[in-house]
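Inspection log for the structure reproduced underneath, given as structure tokens.
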Amino acid sequence: MKFLTSKIVLFFLLGLFFYSCSEVRKLKKNEYLLHDNKIVVNGKVSKLEELELQLYQKPNSKLVGFKPRVQLYNLIRKNPDSTYQVWLDRKPKRKEKMTHLFSAKQVDRIGKSFFVSGYNDFLKRVGEAPVVLDSVKTQKSTKRLFAYYLNRGYFDAKISAKTDTLKNRKARVSYSITTGNPFLIDSITKSIESPVVDSIYQALAGDSYLEIGKPYTSNNVYNEVKRISKEFRNKGLYHFQENNVKFDADTIGKTKSQRISLNVVIKDRTVKQGDTLVAQPFKIYRIGRVNIFTDKQFNEKNAAIDSTTYKNVHIYSSGKLRYRPKALTDAIFIEQGKIFSDDAKVLTGKSLSNLKMFAFPQIQFIEDGKDKNTLTANIVLSPLKRRQFNIKADFTTSNIQDFGISGFMGITFRNIFKGAEILDFSMRGSLGSSSKLSNPDNLFFNVREYGADVKLTIPRFFSPFNTKKIIKKEMFPTTTLSFGLSKQTNIGLDKESYTSNFFYDWISTKRKERKYRLDLFNLQFIRNLNVANYYNVYSYSYNVLNSLAPTYAPTQDFYDSSGNLTFAGADNFVSYITNGGNSSLTPIDEDYQTIRSIGERKYRLTENNLIVSSSFSYSINSKTDFNDIEFYTIRTKIESAGNLLSLLGKSLGNSKDINGNQTLFGIQYSQYIKGEIEYIKHLHIRKKSSLAFRAFGGIAVPYGNSNSIPFTRSYFAGGSNDNRGWLAYRLGPGSSKSVNDFNEANLKLAMNLEYRFTIFGKLNGALFTDAGNIWNVYDNVEDENFTFNGIKSLKDVALGSGFGFRYDLGFFVIRTDFGFKTYNPAKEYAQRWFKGMSINEGVFNIGINYPF
């Protein structure tokens with residue numbers, strides 16, 4: 001054994017030696033492979049990413065200490081097509097035989113094929129050329145590091161570089177940095193020529209990024225220049241630009257005290273008159289006239305133009321105006337008589353785009369020929385087509401559906417009532433195949449769904465009350481009214497669904513984007529059409545009843561000729577037991593509770609649902625732009641259902657069912673309150689790696705007319721966007737054995753942590769840990785294995801972990817995850833940890849885009 005271990009160690013060391021040598025085998029004589037960079041700041045080694053980004057040369061990427069991409073690059077052959085020609089010519093008859101077998105043209109094409117030269121191109125894309133030490137780039141890196149510290153106020157910084165050669169023709173570059181102390185701002189003065197500009201500056205100086213006594217940084221100077229320019233342009237200085245602001249820094253006589261004086265310099269603007277440049281003071285401009293050209297007549301000299309004026313806005317059109325004037329002026333924030341403002345221009349552009357009526361609105365300002373202090377605003381609109389057809393087709397897969405084809409066909413009518421309203425009418429359908437569902441007719445497409453939707457979007461609050469003081473038009477309020485119906489056979493019960501929704505939404509973009517949505521009225525009616533198929537779908541429930549029936553009802557007429565329960569017999573057996581048909585089985589017995597629970601579950605999942613609810617949603621997102629990798633998102637929602645119907649039921653004296661619950665049109669309606677909160681945080685770690693965290697909590701409490709939550713409003717756990725160690729609906733509730741075919745409950749807690757990193761190119765990797773579970777609480781479930789019983793139930797939080805790959809295509813990301821059951825609360829205590837980590841027990845997930 002000792003000899004075998006020694007051989008393994010020897011082979012490992014030899015492998016490392018040859019691997020190390022192969023990294024440099026393509027280097028020329030006297031060339032060195034850059035092994036690593038070492039940055040020492042004030043005597044301490046620094047791993048600060050910002051400093052590493054200043055270096056012109058960085059070592060090749062590593063994976064677990066090795067450089068596999070360099071190895072792949074070193075496999076590239078020079079001129080593979082020439083090598084192919086040499087091989088052809090090596091034997092006189094080889095080319096002749098191949099030409100006889102194929103053709104001369106095809107023989108030449110082989111030289112350019114993947115097998116000859118194509119794999120070289122692949123290796124070039126995937127591989128990475130060895131980084132050869134370059135002393136010129138080392139010097140340039142030294143200068144860039146000095147500029148980095150200079151921009152942060154370290155004017156006395158000293159930077160030096162040293163190169164050390166290592167074994168196997170490798171080298172290390174060490175950068176030594178002595179920063180000294182940063183220079184502090186001693187005073188801020190101003191040299192402003194225009195009196196108007198000077199007065200505005202004094203009024204805005206209090207919000208400066210530059211403060212006396214604080215360190216000087218060029219970044220703060222840059223931000224101050226942008227702030228001044230933005231504020232000035234919002235105060236009417238139309239011609240003001242960022243290059244009109246300069247900061248002069250003075251350290252003369254203050255080097256020892258490490259102080260710096262700043263002087264903000266704003267000169268008059270320079271205007272060309274003839275062949276000479278003339279200085280003119282900046283002045284405040286006001287809006288003199290606002291023109292809206294609704295269909296490009298602004299650029300068409302011979303167009304027949306009609307015009308109208310509404311709220312001091314002049315609206316022009318080719319022929320009769322197709323829009324109500326108010327619909328257009330409500331989207332305009334540039335007002336006659338107001339001073340020029342960039343913010344008003346930006347808001348107008350966003351508001352017009354938000355109408356979805358026009359393509360790329362253009363806003364132009366022209367100086368008035370008579371009044372030199374006024375601007376004419378020309379808003380040029382390019383209308384989109386009044387009718388637009390949309391056709392889509394998708395191929396889908398999920399944990400329940402193995403394969404699916406879905407289609408969508410819709411038509412959009414714009415400006416339907418001349419108030420910029422949008423009417424959408426669509427039809428959808430899908431066919432799918434699922435091996436997890438019952439399929440008595442052995443059909444490949446055993447999952448089907450089709451439906452139709454109508455949606456009307458109004459670009460304002462449609463309300464009898466005046467809400468403009470509360471929700472201003474810069475919040476882009478909209479009203480949406482929708483109707484929909486669908487029929488599906490995707491779980492074997494053949495459901496019909498009818499929906500109707502009336503909601504408002506609006507946004508606020510001050511500092512961070514905030515979105516609001518108020519569902520004033522949300523109706524959903526679900527009708528089950530094939531209840532008789534229940535035990536085919538939920539086969540586990542049937543098998544339990546079938547195993548218990550011979551013990552407690554051996555002589556009843558519940559069985560078929562084979563001695564198994566018929567589906568009708570299964571229902572009769574449940575009724576027989578719960579009505580006291582077997583005196584030896586009491587309500588405290590475990591088998592009695594099991595049978596009763598199956599009966600209640602069937603009743604709940606097969607009953608028709610009528611849900612009339614109202615809800616309010618709020619979300620905040622700190623992401624500033626598409627490239628922002630450090631941000632957080634908070635989403636909250638509260639929903640209440642059944643209260644309106646309860647009031648109507650009492651006033652109308654609606655009937656009650658056999659359980660004493662109120663009904664509307666013979667259907668028991670749901671009554672509950674539901675609340676959710678979700679927090680997502682993305683942190684940049686280093687280079688192209690990041691950490692993503694998600695926490696979610698949701699609870700739905702039935703009351704009044706309900707003792708449980710409708711299936712469509714309940715929670716489930718597992719799946720590609722949840723706990724990836726379990727399939728969807730296969731985790732929980734609590735410490736139960738997940739005995740149901742579709743496990744759900746009304747309380748959910750979940751947390752996810754994912755470390756994301758780049759492997760190479762567009763291929764990224766991830767390591768993740770998912771925690772969470774679902775429980776029953778405040779409903780009709782009493783089994784403690786299913787219910788949340790305070791802090792002690794947190795021991796039932798499941799833990800999944802694993803790894804995944806992501807391929808970034810730009811417009812979306814293809815994601816694969818391999819999840820394993822790290823802690824499984826469904827097991828006995830001694831078997832919960834690390835018993836589901838084998839490959840055959842892992843769960844493979846495929847998804848589009850990131851899970852959170």
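Brief remarks follow.
- Positions within region 549-585 being touching a Phe, Trp or Tyr at 6+ places or on another chain (Cβ under 8 Å), within 17 Å of residue 596 (Cβ to Cβ) and among the hydrophobic types (A, V, I, L, M, F, W, C), in sequence order: 549, 553, 558, 565, 570, 573, 577, 585
- A count restricted to region 602-611 and to residues that are surrounded by fewer than 17 Cβ atoms within 10 Å (Cβ to Cβ) and modelled with pLDDT under 80 stands at 0.
- One residue stands out among those in region 304-317 that are of a type in the set (S, T, N, Q), part of a strand (DSSP E or B) and loosely packed, with under 15 Cβ neighbours inside 10 Å: the one that is modelled with the lowest pLDDT, which is 307.
- Filtered by the rule that a residue be among the acidic types (Asp, Glu) and at pLDDT 90 or above, region 657-715 gives 676, 678.
- Taking strands (runs of 3 or more DSSP E) as the structural unit, those lying wholly within region 223-296 and holding at least 2 residues that are more than 30 Å from residue 386 (Cα to Cα) and touching a residue at least 12 places away in the same chain (Cβ under 8 Å) correspond to 245-250, 259-266, 276-280, 286-293.
- Test: residue in region 358-379 that is crowded, with 18+ Cβ neighbours inside 10 Å, in contact with a Pro (Cβ under 7 Å, 6 or more places away or on another chain) and farther than 28 Å from residue 452 by Cα: yes
- Single unsatisfied condition, residue 265 versus (1) surrounded by fewer than 17 Cβ atoms within 10 Å (Cβ to Cβ); (2) over 30 Å from residue 189 (Cβ atoms); (3) in contact with a Lys or Arg (Cβ under 7 Å, 6 or more places away or on another chain): (2)
- Restricting 813, 781, 777 to those that are modelled with pLDDT under 90, under 29 Å from residue 587 (Cα atoms) and surrounded by 13 or more Cβ atoms within 10 Å (Cβ to Cβ) reduces the list to 781.
- Which numbered condition residue 825 misses (of (1) part of a strand (DSSP E or B); (2) over 30 Å from residue 621 (Cα atoms)): (1)
- Here residue 803 clears all of (1) outside any loop (DSSP other than H, G, I, E, B); (2) more than 31 Å from the chain's Cα centre (by Cα); (3) surrounded by fewer than 18 Cβ atoms within 10 Å (Cβ to Cβ) except the condition numbered (2).
- Among the residues of region 585-595, those that are free of Cβ contacts under 8 Å to residues at least 24 places away in the same chain and either exposed (fewer than 14 other Cβ atoms within 10 Å of the Cβ) or more than 13 Å from residue 549 (Cα to Cα) (or both) comprise 586, 587, 588, 589, 590.
- Annotation note: Cβ proximity below 6 Å between a residue of region 494-519 that is part of a strand (DSSP E or B) and a residue that is of a type in the set (Gly, Ala, Ser) (sequence gap 6+ or interchain) occurs for 497/486; 499/484; 501/482; 514/508; 515/619; 517/617; 519/614; 519/615.
- Some residue of region 318-328 being over 27 Å from residue 423 (Cβ atoms) and either in contact with an Asp or Glu (Cβ under 8 Å, 6 or more places away or on another chain) or surrounded by 18 or more Cβ atoms within 10 Å (Cβ to Cβ) (or both): no
- Residue that is farthest from the chain's Cα centre (by Cα) [pool: residues in region 784-800 that are surrounded by 20 or more Cβ atoms within 10 Å (Cβ to Cβ) and under 15 Å from residue 751 (Cα atoms)]: 796
- Selection status of residue 209, free of Cβ contacts under 8 Å to residues at least 40 places away in the same chain, aromatic (Phe, Trp, Tyr), outside the structural domain of residue 336 (by TED's automatic domain parsing) and assigned to a loop (DSSP other than H, G, I, E, B): yes
The values are calculated or read from the model by the stated rules, or taken from the named source; none is laboratory data. Note that the structure is a prediction, hence the values are computed from the model and not measured. We place every Cβ from the backbone using ideal geometry, glycine too, and count neighbours over all the protein chains shown.
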